[in-house]
Amino acid sequence: MLQRTKTRPAQQLSLGRRLLRDRVLLLFALPGTALILAFHYLPLLGNVIAFKDYQPFLGIGASDWSGWENFAVIFNGDPAFLQALKNTLILTGLQAILVFPAPILLALLLNSLFSERIKRIAQSILYLPHFMSWVIVVALFQQMLGGSGLLNNYLRSHNLATLDIIGNSDLFRVLVTSQVIWKDTGWATILFLAALSQIDSQLYEAASVDGASRMRQIWHVTMPGLRGIIILLFILKLGDSLTVGFEQIILQQQAAGRDVSEVLDTYVYNNGVLGGAWGVAAAVGLVKGLVGVVLVLTANKVAHIFGEQGVYSR
């Protein structure tokens, strides 16, 4: 008569034993963790100046408490703050509609190339703008589209009317959005190309046998395979939704005017660093960060409701 052997459940290691086992990995992670703590988490303590009448020559500790006074520009609807908020939301909307889908479409286009050599060359060219600073990117656009740029010089040489693009406040938002697309779309395709490589080729073969066209294959095979990474990146983008590019905008603010170019980040800089209203600037920055956290948590909860993993599991 056969006797059943009982399998013992795996014994869970204690915290000390796990730390000892993973000590090498923990040592490797230590420098990065120290940098994150020093430059990301410790500076959060400085947000206390949002509740103080902060004076740099007195320091944080000696400055008087002001309560919620610095938040008056938000609660009372200061016109300059509302204009900055309006411009920020408009740019956020444009980037959500035009910038976010751009790398998805580009990744689909690159994935459709049959020649691996051409694909690698195209990727190398498309990745290059990401490594340029905004100073260089803005200078390139000014040399191409500015009053004395290549485009207007060509129009003058042919006795044609010149175009006011760089200094035109009506075109500022379109210009900023096009710069973001040109600079970051190629680099952003990396994650989507990695996700596309994980889709089983047999699914495309089965769809082709069933008579699915190329567009049908993209819709019913490719897009479901990209859904997880799209939702993840969209949630993370929501956390940054009120940050629309400080360096890029501050470099072009003088030419376009503050009426259309003042966003929350430049509002904090102009009022805090230049204007000396440190407490007000900190209050606006703190609220902006809290709104980003709420958006991420809410979007992640919605993703869980629809059966997606989101940024973190339940």
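The values are calculated or read from the model by the stated rules, or taken from the named source; none is laboratory data. All of these numbers come straight from a predicted model, not from anything done at the bench. Here Cβ is always computed from backbone atoms with ideal geometry, including for glycine, and neighbour counts include all displayed protein chains. Areas reflect the complete protein model, heavy atoms only, side chains present, ligands, DNA and RNA absent. Shrake-Rupley method; radii C 1.70, N 1.55, O 1.52, S 1.80 Å.
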Subject >> Cα-based radius of gyration of segment 1-152 once divided by 2.2 N^0.38 Å, which approximates compact folds >> reply: 1.89
**OP:** Quick one: accessible surface of MET144, probe radius 1.4 Å, all protein chains present, in square angstrom to the nearest 10.
**Re:** 100
Original post:
Which of SER213, SER112, SER14 moves the most in a Gaussian network model of the chain with Cα springs under 10 Å?
Top reply: SER14
Subject >> segment 221-259 and segment 294-314: distance between their alpha carbon centers, rounded to Å >> reply: 19
**OP:** In nm, give the distance between the simple-model label positions of ALA62 and LEU37, each being 7 Å from the Cα along the Cα-to-Cβ direction.
**Re:** 3.0
**OP:** Take the Cα coordinates of segment 186-314, assign each an equal point scatterer, and use the Debye formula without solvent to give log10 I(q)/I(0) at q = 0.13, 0.16, 0.20 Å⁻¹.
**Re:** -0.75, -0.91, -1.10
Original post:
Which of these, ARG117, ARG18, ARG258, has the largest mean-square fluctuation under a Gaussian network model of the chain (Cα springs below 10 Å)?
Top reply: ARG18
Original post:
Using heavy-atom solvent-accessible surface (probe 1.4 Å) with all chains present, what is the largest-first order of TRP219, TRP182, TRP134?
Top reply: TRP219, TRP182, TRP134
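Of the lysine pairs in the chain, how many meet both conditions: Cα atoms under 19 Å apart, and a spacing of 8 or more in sequence or different chains?
Working: LYS52/LYS288; LYS86/LYS237; LYS86/LYS288; LYS119/LYS183; LYS183/LYS237; LYS237/LYS288; LYS237/LYS301.
Here the count comes out as 7.
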Original post:
Using a Gaussian network for the chain with springs between C-alpha atoms less than 10 Å apart, which of these wobbles most: LYS119, LYS52, LYS86?
Top reply: LYS119
Original post:
At what distance in angstrom do the alpha carbon centres of segment 150-216 and segment 42-100 lie from each other?
Top reply: 34
Original post:
Taking amide H positions as placed 1.01 Å from N in the peptide plane, with prolines and chain starts having none, which residues 5 or more places from LYS52, or on another chain, fall under 5 Å of its amide H?
Top reply: SER66
Subject >> Whole-Hz ³J(HN,Hα) from phi, Karplus 6.51 cos²θ - 1.76 cosθ + 1.60, for segment 129-142, glycine and proline x >> reply: x, 4, 8, 8, 6, 5, 4, 5, 4, 4, 5, 4, 5, 5
